[in-house]
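Shown next, in structure tokens, is the structure this report addresses.
The values are calculated or read from the model by the stated rules, or taken from the named source; none is laboratory data. Just so we're clear, the structure is a prediction, and the values are computed from it rather than from any experiment. When we count neighbours, we look across all protein chains shown, and the Cβ atoms used for this are built from the backbone with ideal geometry, even at glycine.
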């Protein structure tokens with residue numbers, strides 16, 4: 001299995017993909033795309049994001065642990081093999 005996960009968005013949803021999991025959660029309808037991962041810390045992401053309302057990218061924070069817990073996924077076990085997160089700029093699904 002790969003050691004990295006993919007972060008993307010489609011419409012009003014952010015998608016975090018790792019292994020056989022595509023974890024989707026609601027985000028702002030103004031989000032155009034994620035542009036850069038600044039930090040990955042075992043479930044906590046600091047990313048740059050482009051919003052329709054702002055000509056410059058904004059720093060955003062995503063905490064995956066409560067999302068995973070709400071989905072009854074063992075966060076510690078799920079996150080352990082992920083060493084980095086990459087941005088996928090376009091989704092085809």
> Right, residue 73: touching a helix residue (DSSP H, G or I) at 6+ places or on another chain (Cβ under 9 Å), in contact (Cβ under 8 Å) with a residue 12 or more places away in the chain and not in a helix (DSSP H, G or I) or not?
Replying inline: yes
> Among 34, 61, which is the only one that is more than 14 Å from residue 5 (Cβ to Cβ), modelled with pLDDT of 95 or more and assigned to a strand (DSSP E or B)?
Replying inline: 61
>> Residue under question is residue 18, and the condition is that it be surrounded by 12 or more Cβ atoms within 10 Å (Cβ to Cβ), at pLDDT 95 or above and more than 16 Å from residue 88 (Cα to Cα); does it hold?
In response: no
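Quick check, is residue 50 in a strand (DSSP E or B), more than 12 Å from the chain's Cα centre (by Cα) and over 18 Å from residue 80 (Cβ atoms)?
yes
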